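Worksheet for the structure shown next.
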Amino acid sequence: MTVTAPQAGDIVLRLDNITKRFGALVANSAISLDLKRGEVIALLGENGAGKTTLMNILFGHYQADEGRVEVFGQTLPPGNPRAALAAGVGMVHQHFTLADNLSVLDNITLGTESLWSRGKGRQAARARIAALSAEFGLAVHPDARVGSLSVGERQRVEILKALYRDARILILDEPTAVLTPQETDALFETLRKAVALGLSIIFISHKLHEVMAIADRCIVLRHGKVVGEVNTHATDRASLAALMVGSAVTLPKAEARVAGPVLLRLDHVSTRARGTATGLSDLSLDLCSGQITGLAGVSGNGQAVLADLISGLVRPDAGRIEIAGVEPASWSPRQALNHHIARIPEDRHKTGTISDFNLTENAVLETYSKPPFSRMGWMNWPAAEDFARGIIARYDVRCQGVLQRIRLLSGGNMQKLILGRVLEPGPRIILANQPVRGLDVGAIAYVHTQLIAARDSGAAVLLISEDLDEIQSLSDVIHVISEGRLSPGFARGTTTAAELGLWMAGQGFEGKDRAA
Amino acid sequence: MRLEPIPNPTLGRQLALPAAALAATVVVASLLALLAGANPFAVLGQIVTGAFGSKFALLETLNRATPLIFTGLAVAVAFKAKLWNIGAEAQLYAGAIVAVLFGTGMLGTPFVLPVSAALAMLAGALVLLGPVLLKTRLGVDEVVTTLLFNFIMLLFVSYLLEGPMKDPMGMGWPKSEALIKEARLPRIAEGLRLHWGFVLALIAAIAVHVLERRTTFGFEMRAVGANLGAARFAGVPVNRVLVQTALLSGGLAALAGWSEVAGLKGHLSQDLSPGFGYTGIIVAMLALLNPLGVIGTAIFVAGIFVGSDAMSRAAGVPTYIADMLLASALLFMVLAILLTRVRLVRG
């Protein structure tokens, strides 16, 4: 540790020529950056640009192939998270690292207390946590079980955990991905307090407006290289976006449409909660031909079970599903397919594809049992390969051939294959659950264009996303889901992000409940 | 220390590591021989010549491989669908019981062989039906149920051989009556001990291979095994596929018992199977669950058993060396397969 306290403007962290390769892939290429005391810098980049890899090197989870990390003037030993912690680096991961069955206090002190004098240390720890909570505006009850906390509260516990370990440098990996706009504002308030107290922050994001709001400087990564470093006061969102993707990208713009007949109706549907997952409570939803219905909400509020319901994996415990006015006699994934529902699942690696199967096998995964792919119990592989070749050509899937294993494809190409698989049969209803998560801008535009085209040819589309920008730019009607309840529909352009945020936080439902 | 995945293992790595596993097995065998006070080179040499060194030895090895091909196939198809059938031993005995039941004069002569084979498969399938229904309906772990069925079946066989199936002319030994001549699988050639069961096993392996690669059911089976969640999402009737896979697996394992009784022993006794059902797991794993590979690994495993018997007679080293050899071969091979896909890094 340094003897003299660092002054404002001192460099507290220096990354010097960091290079990291994974096989042939260069995840980070000669990246250098400085972080000053009391400064917030944003690391901006698309998915796969190398942000998370860089931070994992800084925190010692990975070992860099070249280059070094310097904290408060001292070089950190590579690949040693303990040393990074001791030097005052704290990391808040995108996926929280908390024990659900322990209290907040236990989670924060875990690994810091001595084995012998547990009782004595606890009182001191409790006082210290209370002081930190007050100082940084991180309200959370120390005796609450973490499993019972909301996502926003869990994030506060993660930050407290870092502060409790005397972190002077905080790394936040996509901290707003799971927050409502209001919770994001509260987080930013905390970060500003931290900076005023002399901490330094690295903020990883791909949301431009947040970067503009919180960061002093912004470092843009692309394909593992630093492609730009700009002062946020001297730039705007458009030029940041251009830096991030390398060229000006025009996202498809959907024009408003007049709704056709109702193709899928959920009529007062309820499902029981499964484990920690929220069930649906008395939810009614109409999906109309020629319309994109957007479903906004903080993750974990019932989107998963709603998607499973429409996919055929879950049957309603109460209420009914109607397809074009008729209630299906039975309900299963195959029934959903027979009713011309295209399903783009949330997790294309685990649910959408079978990683060890080749492109052909994945292309016919939903239609393998029908002619021409299956005749009298025998697979017709040449027909299946032709089908796969057609998808590869029409949906621009970049691959080495129909017999390549799908696990070797990039996320975007995998998603294009899934798109081809579900759109080729000409579906009437399309369920798109987080269809662009983890994709690069080019693939995002492609997926959105396909969804708009399907809508224009008369399909009813349900778009589930946690990204409000995506919902607002594509949807003809927007609903918000919160704790398994559905808000009324808002037509395109009749609502603001702030209003949607209030619904996402659960406000507005009380009045609706009382009225009902 | 931690593991880092290798996305595209080189061909060299894919060949070198199994070879290294084989070499490590040889080293372990040598150490065991030294421990027993014998010359390791002599012991290894005797195992190899004892298994493959003469026409007689080779045919004996193929005879021993026959039930292992069937149980290996039974395990391979089940494991392919991630159905953990540890009960091939029980299914084997179900097949053996049927061979005796219908082979000792109950059936008319012309069709006795095919009919008793079909009924044996049915019996083996039924033995596995209970555990798989418990799994698909109630979520009961099939590892436990199929394993426990082995003990139930052994005790049942013991009861049969002491009671209703006991040979009245058997001088009090717990064994069944002998099969009639028409119910026995003929030898492949006069004067050879090898019987047609071996050819049937080869045909079964090819049939399973074609089933997996060419049929709709085979595709469903592989999909369920490779990713149950994705298969269910895509509309594969997962439970139906698991039940059908179980029926096939049980039927294949039953053929092992049926062919041992009808082809080799001619009667049922309690020592019919020296653990063929369990060894089938090793055979299937060494073959990476590939049905054609099962033929090769079954012959390899049978060779170690037969060779160790011969070596034991000549060198005075206990035959337990065979079990230890197989165990180490399996462990090294599993490790080698793992290391083709991941590497160990420090830090």
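The values are calculated or read from the model by the stated rules, or taken from the named source; none is laboratory data. The model shown is predicted, which means the values in this text are computed figures rather than measured ones. All Cβ positions, even for glycine, are placed from backbone atoms using ideal geometry, and neighbour counts span all protein chains on display. The accessibility values were calculated without ligands, DNA or RNA, using every heavy atom of the protein model including side chains. Shrake-Rupley method; radii C 1.70, N 1.55, O 1.52, S 1.80 Å.
Of all the listed residues (A:ALA342, A:ALA329, A:ALA336), the sole one being of a type in the set (A, V, I, L, M, F, W, C) and either within 7 Å of chain B (Cβ to nearest Cβ) or part of a helix (DSSP H, G or I) (or both) is A:ALA336.
Residues that are hydrophobic (A, V, I, L, M, F, W, C), more than 10 Å from A:ILE481 (Cβ to Cβ) and either part of a loop (DSSP other than H, G, I, E, B) or in contact (Cβ under 8 Å) with a residue 60 or more places away in the chain (or both) within region A:273-291 comprise A:ALA273, A:LEU287, A:CYS288, listed in sequence order.
Of the residues B:VAL144, B:VAL140, the single one that is touching a Leu at 6+ places or on another chain (Cβ under 6 Å) and aliphatic (A, V, I, L, M) is B:VAL140. Exactly one residue out of A:TRP378, A:TRP331 is in contact with a helix residue (DSSP H, G or I) (Cβ under 8 Å, 6 or more places away or on another chain), free of Cβ contacts under 8 Å to residues at least 24 places away in the same chain and in the same structural domain as A:GLY501 (by TED's automatic domain parsing), and it is A:TRP378.
Here A:HIS349 meets the list (1) assigned to a helix (DSSP H, G or I); (2) modelled with pLDDT of 95 or more almost entirely, failing just condition (2). Whether a residue is farther than 30 Å from B:GLU142 by Cβ, in contact (Cβ under 8 Å) with a residue 24 or more places away in the chain and open to solvent by less than 10 Å² (accessible area, probe 1.4 Å) was assessed, and B:ALA76 does not pass this test. Criterion applied to B:GLY130, B:GLY95, B:GLY50 was being in contact with an Asp or Glu (Cβ under 9 Å, 6 or more places away or on another chain), open to solvent by 10 Å² or more (accessible area, probe 1.4 Å) and not aliphatic (A, V, I, L, M), and the one residue passing it is B:GLY50.
Annotation: of all residues in region A:220-235 being within 22 Å of A:SER410 (Cβ to Cβ) and touching a helix residue (DSSP H, G or I) at 6+ places or on another chain (Cβ under 9 Å), the one that is surrounded by the fewest Cβ atoms within 10 Å (Cβ to Cβ) is A:VAL227. Could you please find all residues in region B:244-261 being within 16 Å of B:VAL199 (Cα to Cα) and either within 11 Å of chain A (Cβ to nearest Cβ) or open to solvent by 20 Å² or more (accessible area, probe 1.4 Å) (or both)? The answer is B:LEU255, and nothing else.
Residue under question is B:PHE149, and the condition is that it be within 22 Å of B:GLN270 (Cα to Cα) and assigned to a helix (DSSP H, G or I); does it hold? Yes. Residue check: is B:PHE56 at pLDDT below 95 and in a helix (DSSP H, G or I)? Considered against the rule, which asks whether it is at pLDDT below 95 and in a helix (DSSP H, G or I), B:PHE56 comes out as yes. Can you pull out every residue in region B:212-230 that is touching a residue at least 60 places away in the same chain (Cβ under 8 Å) and buried (at least 18 other Cβ atoms within 10 Å of the Cβ)? The answer is B:GLU212, B:MET221, B:ARG222, B:VAL224, B:GLY225. Among the residues of region B:19-42, those that are farther than 17 Å from B:ALA327 by Cβ and either part of a helix (DSSP H, G or I) or not polar (S, T, N, Q) (or both) comprise B:ALA19, B:ALA20, B:LEU34, B:GLY37, B:ALA38, B:PRO40, B:PHE41, B:ALA42.
Looking only at region B:89-139, which residues are assigned to a loop (DSSP other than H, G, I, E, B) and under 22 Å from B:ASN150 (Cα atoms)? Result: B:GLY139, single match. Evaluated against (1) under 21 Å from B:ALA125 (Cβ atoms); (2) small (Gly, Ala, Ser); (3) more than 17 Å from the chain's Cα centre (by Cα), B:ALA253 falls short on exactly one condition, (3). Residues in region B:223-243 that are at the interface with chain A (Cβ under 8 Å from one of its Cβ atoms) and part of a helix (DSSP H, G or I): 7 in all. Residues that are acidic (Asp, Glu) and out of contact with any helix residue (DSSP H, G or I) (no Cβ under 8 Å at 6 or more places or on another chain) number at least 2 in the following helices (runs of 4 or more DSSP H) confined to region A:134-217: A:151-164, A:181-196.
Conditions (1) in contact with a Lys or Arg (Cβ under 9 Å, 6 or more places away or on another chain); (2) closer than 19 Å to A:THR52 by Cα; (3) among the small types (Gly, Ala, Ser); (4) in the same structural domain as A:SER148 (by TED's automatic domain parsing), marked per residue:
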| site | (1), (2), (3), (4) |
| --- | --- |
| A:LEU76 | yes, yes, no, yes |
| A:ASN80 | no, yes, no, yes |
| A:LEU85 | yes, yes, no, yes |
| A:MET91 | no, yes, no, yes |
| A:HIS95 | no, yes, no, yes |
| A:LEU98 | yes, no, no, yes |
| A:ASN101 | yes, no, no, yes |
| A:VAL104 | yes, no, no, yes |
| A:ILE108 | yes, no, no, yes |
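Listed here are the residues, each with its yes/no results for (1) surrounded by fewer than 18 Cβ atoms within 10 Å (Cβ to Cβ); (2) in a helix (DSSP H, G or I); (3) among the charged types (D, E, K, R).
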{"position": "B:GLY293", "(1), (2), (3)": "no, yes, no"}
{"position": "B:THR297", "(1), (2), (3)": "no, yes, no"}
{"position": "B:GLY303", "(1), (2), (3)": "no, yes, no"}
{"position": "B:GLY307", "(1), (2), (3)": "no, yes, no"}
{"position": "B:MET324", "(1), (2), (3)": "yes, yes, no"}
{"position": "B:ALA329", "(1), (2), (3)": "no, yes, no"}
{"position": "B:THR340", "(1), (2), (3)": "yes, yes, no"}
{"position": "B:LEU344", "(1), (2), (3)": "yes, no, no"}
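Considering only region A:454-463, I want to know if a residue exists there that is of a type in the set (Lys, Arg) and open to solvent by 10 Å² or more (accessible area, probe 1.4 Å). Taking every residue of region A:454-463 in turn, none turns out to be of a type in the set (Lys, Arg) and open to solvent by 10 Å² or more (accessible area, probe 1.4 Å). Kindly establish whether B:ALA19 is of a type in the set (Gly, Ala, Ser) and touching a Pro at 6+ places or on another chain (Cβ under 8 Å). So B:ALA19 fails the test. Close Cβ contacts (under 6 Å, 6 or more residues apart or on different chains) running from residues in region A:292-318 that are in a strand (DSSP E or B) to residues that are small (Gly, Ala, Ser) comprise A:ILE292/A:SER475; A:GLY294/A:SER475; A:ALA318/A:SER270.
If I filter region B:192-207 for residues that are away from chain A (no Cβ under 14 Å), outside any helix (DSSP H, G or I), free of Cβ contacts under 8 Å to residues at least 12 places away in the same chain and more than 26 Å from A:GLN335 (Cα to Cα), do I get at least one hit? Within region B:192-207 (the criterion being away from chain A (no Cβ under 14 Å), outside any helix (DSSP H, G or I), free of Cβ contacts under 8 Å to residues at least 12 places away in the same chain and more than 26 Å from A:GLN335 (Cα to Cα)), the answer is no, since none of the residues qualifies. Cβ separations smaller than 7 Å between residues 6+ apart or across chains give the following pairs from region B:162-179 residues that are free of Cβ contacts under 8 Å to residues at least 60 places away in the same chain to residues that are surrounded by 11 or more Cβ atoms within 10 Å (Cβ to Cβ): B:GLU162/B:PRO174; B:LYS166/B:PRO174. The test for being within 14 Å of another protein chain (Cβ to nearest Cβ), open to solvent by 60 Å² or more (accessible area, probe 1.4 Å) and of a type in the set (S, T, N, Q) holds for B:THR10. Would you point out which residue out of A:ASP286, A:ASP308 is closer than 26 Å to A:GLU466 by Cβ, open to solvent by 10 Å² or more (accessible area, probe 1.4 Å) and away from chain B (no Cβ under 14 Å)? Answer to the check: A:ASP286. Looking only at residues of region A:59-81 that are surrounded by 15 or more Cβ atoms within 10 Å (Cβ to Cβ) and of a type in the set (Val, Ile, Thr), we find that the one that is nearest to the other protein chains (Cβ to nearest Cβ) is A:VAL69.
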